[in-house]
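The structure under discussion appears below in the form of structure tokens.
Derivation of every value follows stated rules applied to the coordinates shown; laboratory data play no part. Every value quoted in this text rests on a predicted model; they were computed, and no experiment measured them. Ideal geometry is used to build each Cβ from the backbone, glycine not excepted, and the neighbour counts take in all protein chains shown.
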Amino acid sequence: MSMKHLLPTVVSAVLLTACAANTPAPVAKPASINVVMQEADAALKAGYNDKAFTLFKSAAKDFPADKAPWLRMAQLRFDASNYGEAIVNGLEALERDPDDVVAYSLVAVSGLRVSSRALADLTQKNNLSGSVRSEAQDLAKLLRTSLGEEQLVPAKVVKPRTPTRAATAAPVPKPAAAGGGTFDILK
């Protein structure tokens, strides 16, 4: 073989060797999701909620079929009153386990809190009319039926009842001062 033909071969071999040497080593995945979840729990216990959330997010990426990190992220966001993200994370948990009652609860109560806040804002601005009003009344009726209550906001409390799980999950709005209850128009 002549030097003219050997030189391109040598240069190609050197370039391939250089490329192979610059390839980053694969990042090691944690041995198990339990290890990551324990680290996140330790971060929570120490008061590092952001670090815990990051660890849960990492676990969700590294173990995509597991619902646990999504459920924990949903709970963290719910506890921080970030209901939009709580809903998104809760729905991710439900994608992985459609029968998870805690995920359904987080999604439902977060949605109700977002809706309650929006309805209260609309009521304060006196913009609750027309189709928005009728839709709100329909939703209130559906809620009353689901909860087995005739009114969402009782006019007066006669006797304290033992709270149910649903009753303790979301606070019931209090009647407003002079003008009646915030949701009186929904009754």
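Quick one: 3J(HN,Hα) in Hz for the range 47-55, Karplus 6.51/-1.76/1.60 with θ = phi - 60°, rounded, Gly and Pro as x.
Each residue's phi maps through the Karplus curve to give x, 9, 4, 5, 5, 4, 4, 4, 5 Hz.
How fast does the range 57-102 diffuse by Stokes-Einstein, in µm²/s, taking the Kirkwood radius from C-alpha pairs at 10 °C and 1.306 mPa s?
The diffusion coefficient I find is 155 µm²/s.
I want to check the label-to-label distance for Gln124 and Thr54. Put each point 7 Å from Cα in the C-beta direction and report it in nm to one decimal.
So the two model labels end up 3.5 nm from each other.
Apply 1/(1 + (r/R0)^6) to the Cβ-Cβ distance of Leu112 and Ala42, taking R0 = 22 Å, and write down the FRET efficiency to the nearest 0.05.
0.10
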